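Colleague: Below you'll find the structure I mean.
The values are calculated or read from the model by the stated rules, or taken from the named source; none is laboratory data. Keep in mind it's a predicted model, so treat the numbers as computed, not measured. So basically every Cβ, Gly included, is an ideal-geometry build from the backbone, and we count neighbours across all protein chains shown.
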Ligand code: ASP
Ligand code: MG
């Protein structure tokens, strides 16, 4: 099967979580062609948004402190996730390129004391730019060939509606089928940072909060995937919020229309546009748990 696997931030909230994700991807890659899409590490997008608020409030000290913590967290994760010293060194070098760019951006915004919607998208896209490398290098440690790409690199082209962009599907389809087709033919597992793309002028754009789900379905549509799995910390779609209703039951199968309604009104936040790219090609989606891999979750068709 050609499979798109999307991992949410709570599936990547510790070094052992990341190793667990890599182990599962590596095992699925034995019999399937896999494209991984990942969110930022749990909490990082919130931190980046907080930095932008601090900049606008002219609170340089806290902005710098929060940024330092974000950077420290990723370096710590890199150190604790990867055992091989060669792979760890390569990962830290790769992270450092993004870290330098992020620091430069925050310095510029701090001088200006303002964050436009365009700058905000650029800033908050860094969560996924950093997490995709942690996942990709963890796969390499498991002897899998893998490359990390951000939304712009993979070829997601959007309109310039910053903070809530939409993909330009015709251009995106041509670019993504080229980049991912070439990697898959070489048996390289692409790990794509979700949430962001770039407009036709090359400015970074995002799809809005929770947008990595949307990245995953856009990619699934562009490569004609057989299935897409949204991996998270819940069993699947439930009859009610299990935190509130004790005997809430897992739904084995729902229609796209039902899932769209649940995405709008349910407790599990699925990005509202997630299902759009799947409808015309009728690509089945599974909503399933990262931690309980034997559970088939919910099939959305
Ligand atoms: N990292 C982004 C967010 O927290 C996108 C996502 O996780 O889907 O909203
Ligand atoms: Mg990256």
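Colleague: Within region 221-239, which residues are in a loop (DSSP other than H, G, I, E, B) and closer than 13 Å to residue 296 by Cβ? Please lay out each step first, then the result.
Modeller: Here is the first cut: in region 221-239, the residues in a loop (DSSP other than H, G, I, E, B) are 223-226, 233-237, 239.
Selection gives 235, 236, 237.
Colleague: Among the residues of region 183-215, count how many are away from ligand 1 (no atom under 16 Å from the Cβ), in contact with a strand residue (DSSP E or B) (Cβ under 9 Å, 6 or more places away or on another chain) and in contact (Cβ under 8 Å) with a residue 60 or more places away in the chain.
Modeller: Matching residues across region 183-215 total 3.
Colleague: Please enumerate the residues belonging to region 133-152 that are within 26 Å of residue 200 (Cβ to Cβ) and over 14 Å from the mean Cα position of the chain (by Cα).
Modeller: Selection gives 147 alone.
Colleague: Also, quick follow-up: Looking at (1) assigned to a helix (DSSP H, G or I); (2) modelled with pLDDT under 95, which is the one condition that is false for residue 242?
Modeller: So the condition that residue 242 fails would be (1).
Colleague: Ok, one more. Might you let me know whether region 122-138 holds any residue that is in a helix (DSSP H, G or I), surrounded by fewer than 20 Cβ atoms within 10 Å (Cβ to Cβ) and either modelled with pLDDT under 95 or within 11 Å of ligand 2 (Cβ to nearest atom) (or both)?
Modeller: We begin by selecting, within region 122-138, every residue in a helix (DSSP H, G or I); these are 122-124, 126-138.
When the remaining residues are screened for being surrounded by fewer than 20 Cβ atoms within 10 Å (Cβ to Cβ), the result is none.
No, region 122-138 contains no residue that is in a helix (DSSP H, G or I), surrounded by fewer than 20 Cβ atoms within 10 Å (Cβ to Cβ) and either modelled with pLDDT under 95 or within 11 Å of ligand 2 (Cβ to nearest atom) (or both).
Colleague: Which count do you get for residues in region 122-165 that are within 16 Å of ligand 1 (Cβ to nearest atom), farther than 14 Å from residue 91 by Cα and touching a strand residue (DSSP E or B) at 6+ places or on another chain (Cβ under 7 Å)?
Modeller: Count: 13.
Colleague: Kindly establish whether residue 141 is away from ligand 2 (no atom under 13 Å from the Cβ), touching a residue at least 12 places away in the same chain (Cβ under 8 Å) and touching a helix residue (DSSP H, G or I) at 6+ places or on another chain (Cβ under 6 Å).
Modeller: Spelling it out, residue 141 is indeed away from ligand 2 (no atom under 13 Å from the Cβ), touching a residue at least 12 places away in the same chain (Cβ under 8 Å) and touching a helix residue (DSSP H, G or I) at 6+ places or on another chain (Cβ under 6 Å).
Colleague: May I ask you to say which residue of 130, 102, 112, 91 is under 16 Å from residue 54 (Cα atoms) and under 20 Å from the mean Cα position of the chain (by Cα)?
Modeller: Criteria check complete, one pass: 102.
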